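Read through the structure below, which is laid out as structure tokens, and then see the notes.
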Amino acid sequence: MKLVFAGTPEVAVPALDALIASDRHEVAAVVTRPDAPAGRGRRLVASPVAERAAEAGIEVLKPVKPRDEDFLARLREIAPDCCPVVAYGALLPKVALDIPARGWVNLHFSLLPAWRGAAPVQHSIMSGDEITGASTFLIEEGLDSGPLYGTVTETVRHTDTSGDLLTRLAFAGAGLLSATMDGIEDGSLKALAQPADGITVAPKITVEDAHVDWSAPALRVDRVVRGCTPAPGAWTVFRGERLKLISAVLAPDRTDLAPGELGVGKRDLHVGTGSYAVQLLWVQAQGKKPMAAADWARGVRIAPGERLGATDVG
């Protein structure tokens with residue numbers, strides 16, 4: 001098939017690579033979000049998908065909105081058979097959905113109909129799922145509600161951050177998307193309606209969602225830290241300023257600390273929760289670089305009984 005691939009972030013690159021490597025399909029063009037400011041200088045930078053496509057000599061389309069007439073006209077000229085999509089980042093209007101003969105096929109990082117929406121991996125970790133996966137489905141106008149082509153499963157490890165899990169799913173999903181294109185092309189694969197039961201929604205994680213509540217059980221604190229890493233980043237408050245929590249582990253043997261209370265050791269730092277403690281491994285103070293939590297604690301000279309989250313910030 002002639003394909004036009006739509007995607008934007010790094011997590012979409014493995015799928016693009018798999019389709020470029022396929023001897024059964026031609027990636028005629030790539031659709032991605034416009035260049036965005038990045039870094040301290042706020043210089044405009046092309047998306048990872050745009051950079052990879054340019055390296056491969058593939059035409060790159062960067063519509064401000066996918067309903068722009070110039071973009072739609074070019075898509076009609078290319079006349080793709082199918083448009084595979086991975087984390088493109090914009091809603092596709094019906095006028096665009098109708099152009100490819102075999103539609104737009106999305107690779108979504110959950111086992112649909114679970115976790116429809118923008119942040120399926122983060123919500124999966126934060127909810128304590130033991131198994132997740134990726135799905136391919138035919139895009140329709142509803143939110144991730146189109147009929148399914150296939151799925152692949154992935155175990156959620158007890159140490160996984162959303163970044164860790166998403167990286168594994170990106171590569172597993174790349175194989176799934178490539179196989180889905182093959183099955184659509186040879187007619188061996190038909191899309192089936194999603195189950196009516198088990199629908200959950202995964203909206204974008206906000207900064208407030210990433211605010212750690214130390215009165216919650218340790219398992220909940222651990223899931224929030226892991227689910228919000230690397231973005232938007234779990235955080236708490238210390239002496240009126242935000243403190244980013246980069247990594248932590250459960251410490252079930254430590255039960256002597258009140259919620260938020262800090263326990264400073266020679267080489268470790270624990271904090272109390274609504275159940276047992278967690279051990280902070282890496283933190284990042286406001287305006288500082290990431291550092292080992294024990295080193296941070298020594299530097300700020302924590303007083304006995306001092307707590308995280310004791311003072312709110314705006």
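The values are calculated or read from the model by the stated rules, or taken from the named source; none is laboratory data. Source: prediction; values computed, not measured. Using ideal geometry, Cβ is built from the backbone for each residue, glycine included, and neighbour counts are taken over all protein chains shown. Just the protein is used for accessible areas: all its heavy atoms, side chains included, with ligands, DNA and RNA removed. Shrake-Rupley method; radii C 1.70, N 1.55, O 1.52, S 1.80 Å.
For the stretch 156-215, a residue qualifies if it is β-branched (Val, Ile, Thr) and over 20 Å from Trp235 (Cα atoms), and the qualifying residues are Val156, Thr167, Thr180, Ile184, Ile199, Thr200, Val201. One residue stands out in the stretch 285-296 among those that are closer than 22 Å to Asp209 by Cβ and part of a loop (DSSP other than H, G, I, E, B): the one that is least open to solvent (accessible area, probe 1.4 Å), namely Pro290. Within the stretch 238-260, being open to solvent by less than 50 Å² (accessible area, probe 1.4 Å) and assigned to a loop (DSSP other than H, G, I, E, B) holds for Gly240, Leu257, Ala258, Gly260. When each of Arg24, Arg40, Arg74, Arg102 is tested for being more than 20 Å from Leu138 (Cβ to Cβ), part of a loop (DSSP other than H, G, I, E, B) and open to solvent by 70 Å² or more (accessible area, probe 1.4 Å), the lone residue that passes is Arg40.
Evaluating Ala118 against the criteria (1) assigned to a loop (DSSP other than H, G, I, E, B); (2) touching a residue at least 24 places away in the same chain (Cβ under 8 Å); (3) under 24 Å from Val95 (Cβ atoms); (4) open to solvent by less than 60 Å² (accessible area, probe 1.4 Å) leaves one unmet condition, (4). Scanning the stretch 52-109 for residues that are farther than 28 Å from Pro203 by Cβ and of a type in the set (Gly, Ala, Ser) returns Ala53, Ala54, Ala56, Gly57, Ala73, Ala79, Ala101. Is it true that some residue in the stretch 7-19 is aliphatic (A, V, I, L, M), open to solvent by less than 20 Å² (accessible area, probe 1.4 Å) and outside any helix (DSSP H, G or I)? Among the residues of the stretch 7-19, not one is aliphatic (A, V, I, L, M), open to solvent by less than 20 Å² (accessible area, probe 1.4 Å) and outside any helix (DSSP H, G or I), which makes the answer no.
Condition check ((1) in contact (Cβ under 8 Å) with a residue 40 or more places away in the chain; (2) in a loop (DSSP other than H, G, I, E, B); (3) open to solvent by 70 Å² or more (accessible area, probe 1.4 Å)) across all residues:
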residue: Gly198; (1), (2), (3): yes, yes, no
residue: Thr206; (1), (2), (3): no, yes, no
residue: Ala216; (1), (2), (3): yes, yes, no
residue: Val221; (1), (2), (3): yes, no, no
residue: Leu262; (1), (2), (3): yes, no, no
residue: His270; (1), (2), (3): no, no, no
residue: Val278; (1), (2), (3): yes, no, no
residue: Val283; (1), (2), (3): yes, no, no
residue: Arg298; (1), (2), (3): no, no, yes
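Listed conditions (1) of a type outside the set (Asp, Glu); (2) surrounded by 14 or more Cβ atoms within 10 Å (Cβ to Cβ); (3) assigned to a helix (DSSP H, G or I) are all met by Ala54, apart from (2). When Ser247 is tested against (1) touching a helix residue (DSSP H, G or I) at 6+ places or on another chain (Cβ under 9 Å); (2) farther than 22 Å from Thr161 by Cα, only condition (2) is not met. Beta carbons closer than 7 Å, at least 6 apart along the sequence or on distinct chains, pair a first residue in the stretch 10-32 that is in contact (Cβ under 8 Å) with a residue 60 or more places away in the chain with a second that is aromatic (Phe, Trp, Tyr) and open to solvent by 20 Å² or more (accessible area, probe 1.4 Å) for Pro14/Phe171.
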